[in-house]
Amino acid sequence: MDATMSGAGNPAMGRAIGPIGSEKAVGRLSDRVFVASLWGSGIFVLVLLGLIIAMLFEGGLPAFQAFGLDFLWTAAWNPVTENFGALVMIYGTIFSAVIAVVIALPLSFGIAFFLSEIAPQALRKPIGVAIQLLAAVPSIIYGMWGFFIISPLMAAYVQPPLIDLLGPLPVIGFLFQGPALGGGMLTAGLIMAVMILPFITAMFVETLESVPPMLKESAYGVGGTTYEVYKNVSIPYGRTAMVGAVMLGLGRALGETMAVTFVIGNATRLSASLFAPGATIASTIANEFPEAAQGTLKLDSLLALGFILFVISFIVLALSRFLVRSNLKN
Amino acid sequence: MASLAVRRAKDSTIKAISTAFAVFALFLLAWILFTLIQKGLPALGLNVFTRITLPPGQNGGLLNAIVGSLIQIAIAMLIGTPIGLMAGTFLAENGKTTKVGHVARFVNDILLSAPSILVGLFVYTFLVAPLGGFSGWAGAIALAILVIPVVVRTTEDMLNLVPVGLREAAFALGAPQWKVVMLVTWRAAQAGIVTGILLAIARAAGETAPLLFTSLGNNSWSLDLSRPMASLPIAIYQYAGSPFDDWVSLAWAGALLITVGVLVLNILARLFLARTK
């Protein structure tokens with residue numbers, strides 16, 4: 001780009017991008033520095049993720065060495081005998097996140113339908129933004145709301161009837177047994193459902209808006225109702241991206257910390273009931289870290305838990321991204 | 001196929017349910033805000049802003065936590081914004097179709113949704129443990145790591161909206177790339193980039209988990225970044241789980257402050273973007 005002309009002749013251009021070509025040598029050097037720092041910042045982002053994975057793995061290595069792969073499926077968490085295993089937390093992490101998705105999914109389908117087909121045009125934007133604000137509320141606020149407001153309601157009105165009604169049933173009864181404490185797996189899942197709902201809904205709406213109008217109009221043309229078009233045209237068209245959106249919600253729920261720590265009960269023993277106190281990987285790290293001294297096997301085990309959480313989240317988020325992008329390309 | 005009447009009935013039912021779901025989501029937001037105002041407003045006295053965290057019963061406030069949060073957020077933004085801005089520019093310009101660019105874009109998407117507590121653990125193993133102590137710096141760096149992917153994402157998206165013709169025109173005049181980017185492309189995408197920065201501040205302000213193992217929290221007045229530093233979310237966490245009524249009230253007051261701040265930032269960001277579009 002060896003420009004010999006100068007922008008000084010044109011005052012308007014001079015104001016916009018300054019004198020051009022007048023400081024060629026300096027310009028070339030600063031350009032090199034600039035381009036190098038662009039590349040450097042891009043590579044920095046890569047290195048950052050690599051560093052996070054490497055440091056968590058290195059930190060957790062003593063625990064993996066001490067317990068071997070058994071760490072993954074041992075249900076013990078005993079700081080006194082220094083016997084640690086991740087099973088209870090892995091189970092709690094996945095179970096509570098799945099509950100959240102199961103609750104959030106139908107709501108997101110409904111809200112996305114409302115926002116893309118039913119709501120008056122003028123209301124779509126403000127209602128959509130208001131629902132997005134649910135995602136902006138910090139997770140510690142959800143924790144307090146869950147602990148002080150939702151848990152007591154669950155203990156008083158939701159858990160007792162479910163225990164009485166479904167507890168005695170065969171096969172699924174075990175999910176609904178135990179005392180109504182208010183917190184536990186279901187409450188944690190419920191709170192997280194509210195938190196991931198805006199993410200899933202927003203991506204659903206975005207996908208639905210990418211459906212070619214021609215497709216929908218053809219379906220209306222042969223007499224389809226709004227719901228039939230939504231179900232038989234729009235959803236199948238955006239299916240891949242919508243699965244990706246759900247995976248993103250799942251990925252977010254897997255790593256949620258503060259909201260869960262407040263309501264899940266932080267019990268490091270295995271229990272199948274939806275109402276029993278449990279623990280997730282994130283809640284265990286938040287909860288037990290202050291009592292884990294440097295150099296102890298407990299701290300190593302917490303870092304190993306962190307590494308496992310990273311691997312699980314990574315797989316889910318990568319899958320989500322792959323699905324969303326592949327749909328958008330079509 | 002079912003009769004038209006049945007299909008119409010089904011259509012109206014699903015529409016009614018969907019509308020109810022949307023109303024329910026709005027109700028949840030209103031419920032959370034109502035709870036915060038109901039419990040936080042009465043506790044939001046002058047002491048919250050003028051006194052530091054004190055033992056229960058001594059009419060303490062949150063001054064050190066508020067100032068600590070502001071300092072850590074400011075440093076996080078000072079570190080995270082330039083890196084995020086440059087990396088986002090890289091993804092939209094030089095690295096757009098390169099291999100490094102593709103992988104960096106993927107990695108950034110992962111970082112954007114990765115569990116924030118793991119960022120805290122990372123900074124702990126990388127900085128806190130080797131350097132021998134919790135510090136305000138560590139907290140700020142943990143927040144910076146959370147800020148970067150937000151800025152990268154919005155910057156890239158916004159730069160992609162800038163017409164190629166603008167860049168070509170500037171290049172054709174002989175401008176070096178740094179001038180094209182800084183004086184033409186960034187300026188054209190200014191509003192969007194500012195939106196991303198506002199959203200990043202909002203994210204940093206509400207994060208609790210990454211600060212647990214980095215800046216730890218501090219109940220006395222301290223502006224020393226090399227020592228543990230108080231922050232609003234950590235103070236809320238500590239107080240909300242305490243058995244003392246006055247501490248719990250203070251936690252609600254803090255919760256109200258944070259939520260209002262974060263929501264206002266979010267709304268501002270959206271208005272900013274909408275006005276310039």
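Laboratory data are not the source of any read-out in this text; all were calculated from the coordinates shown. Note that the structure is a prediction, hence the values are computed from the model and not measured. Cβ: placed from backbone, ideal geometry, glycine included. Neighbour counts: every protein chain shown.
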(message) Let me confirm one metric for peptide A:149-157, namely the mean number of other chain beta-carbon atoms within 10 Å of its residues' beta-carbons.
(response) 1
(message) I'd like the per residue volume of the convex hull spanned by the Cα atoms of segment B:119-277, given in cubic angstrom.
(response) 133
(request) Past 23 Å, Cα to Cα, is the threshold; run A:LYS125/B:LYS10; B:LYS99/B:LYS179; A:LYS231/B:LYS10 against it and keep the listed order. (result) A:LYS125/B:LYS10; B:LYS99/B:LYS179
(message) Between A:LEU123 and B:THR13, what is the label-point separation in nm under the 7 Å Cα-to-beta-carbon projection?
(response) 2.3
(request) Within 10 Å, count the other beta carbons around each residue, average over each peptide in B:2-11, B:182-191, B:103-112, and list them highest first. (result) B:103-112, B:182-191, B:2-11
(request) Could you size up the charge dipole of the protein assembly as shown around its Cα centre, putting +1 on the beta carbon of Lys and Arg and -1 on that of Asp and Glu, and report it in debye to the nearest 20? (result) 1560
(message) If I take the Cα coordinates of chain B and project them onto the principal axes, what are the three extents in Å, biggest first?
(response) 68, 67, 33
(request) Please state, to two decimals, what the Cα-based radius of gyration of segment A:82-207 comes to when divided by 2.2 N^0.38 Å (N = residues). (result) 1.26
(request) Given the peptides A:87-95, A:168-176, arrange them by the average over their residues of other C-beta atoms within 10 Å, most packed first. (result) A:87-95, A:168-176
(request) Apply the membrane-span-like helix rule to chain B: whole DSSP H runs, Cα extent along the own long axis of at least 24 Å, mean Kyte-Doolittle hydropathy at least 0.0. List the helices found. (result) B:4-40, B:63-92, B:136-160, B:190-206, B:245-276
(request) Report the percentage of all Cα-Cα pairs in segment A:130-198 whose separation exceeds 21 Å, rounded to a whole percent. (result) 34
(message) Restricting the calculation to Cα positions, tell me the Rg (one decimal) and the Dmax (whole number) of the protein assembly as shown in Å.
(response) 25.9, 89
(message) Between segment B:191-222 and segment A:255-330, how far is it from one alpha carbon centroid to the other, in angstrom?
(response) 21
(request) Kindly give the semi-axes, whole Å and largest first, of the ellipsoid equivalent to chain A, taking each as the square root of 5 times a Cα gyration tensor eigenvalue. (result) 44, 34, 18
(message) Under 10 °C and 1.306 mPa s, how fast does segment A:198-300 diffuse according to Stokes-Einstein, given a Kirkwood radius computed over C-alpha pairs? Answer in µm²/s, whole number.
(response) 92
(request) Take each of the peptides B:137-146, B:162-171, A:229-238, average the number of other beta-carbon atoms within 10 Å over its residues, and list them starting from the highest. (result) B:137-146, A:229-238, B:162-171
(request) Could you give the DSSP H helices of chain A that reach 27 angstrom or more along their long axis (alpha carbon positions) and whose average Kyte-Doolittle hydropathy is no lower than 0.0? (result) A:24-67, A:87-113, A:185-209, A:235-255, A:297-329
(request) Average the reciprocal distances over every distinct pair of alpha-carbons in segment B:29-188, invert the result, and give the Kirkwood radius in Å. (result) 19.1
(request) May I ask you to give the average projected area over all directions of the convex hull of the Cα atoms of segment B:238-277, in nm² rounded to one decimal? (result) 2.7
